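Shown below is the structure under consideration.
Nothing in this text is a laboratory measurement; each read-out follows from the coordinates by a stated rule. Predicted model only: the values in this text are computed from it and were never measured. All Cβ positions, even for glycine, are placed from backbone atoms using ideal geometry, and neighbour counts span all protein chains on display.
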Amino acid sequence: MNYWLFKTEPSECSIDDFARNPQQPIVWEGVRNYQARNYLRDGVALGDQVLIYHSSCKHLGVAGIVKVVRAAYADPSQFDSRSVYYDAKATVAQPTWVAVDLVYVSKLSHLITLDKIKSSAKMAELPLVQKGSRLSVMPVTAQQWCDLLALQ
DNA sequence: GCCAACGTTGGC
DNA sequence: GCCAACGTTGGC
């Protein structure tokens, strides 16, 4: 099993949206960056655990944990001309983008803030805090996972 | 709202 | 294949 960190703007989808319906999978769609897509398509597997990071908001940080209940499949939003994620170049026969399905695991009792993550020497290699890193899907090692959760 | 950093596009 | 221009991300 592998570990990941996914970024999301909580106004779009937050850990509370998962917690509200803990059995209900949420379609993780709209990833439109090739490197992130490749992680999602080639790395993210059924059963993997994912840290949910809240970006572009007042309280930046890791807010909770979800897990993968369906591995990569064609992101339906790429075919939907009304969607902001629509991609005219993608076809059903040859989709460009993928989605996964996630369900709630837990909400952290205290947000692990970006400040805290940045000030932890053990987190120096985490892609999240590396200069210029803008990936919305990034791998987390087992060691980083343990160390990160120990910060809460 | 600013801006650094990175990604994408398209002319050549 | 280069690279300038533009678009996006995301913390500050």
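In region A:98-117, how many residues are within 15 Å of DNA strand B (Cβ to nearest atom) and of a type outside the set (Val, Ile, Thr)?
Qualifying residue count for the region: 1.
Right, here's the next one. Please pick out the residue among A:ALA19, A:ALA63, A:ALA74 that is closer than 12 Å to A:TYR104 by Cα, over 15 Å from the mean Cα position of the chain (by Cα) and in contact (Cβ under 8 Å) with a residue 24 or more places away in the chain.
A:ALA19
Could you please give the count of residues in region A:103-127 that are in a helix (DSSP H, G or I), touching a helix residue (DSSP H, G or I) at 6+ places or on another chain (Cβ under 7 Å) and surrounded by 14 or more Cβ atoms within 10 Å (Cβ to Cβ)?
Count: 3.
Listed residues A:LEU102, A:LEU128; which is within 16 Å of DNA strand C (Cβ to nearest atom) and on the phi < 0 side of the Ramachandran plot?
Checking each option against the conditions leaves just A:LEU128.
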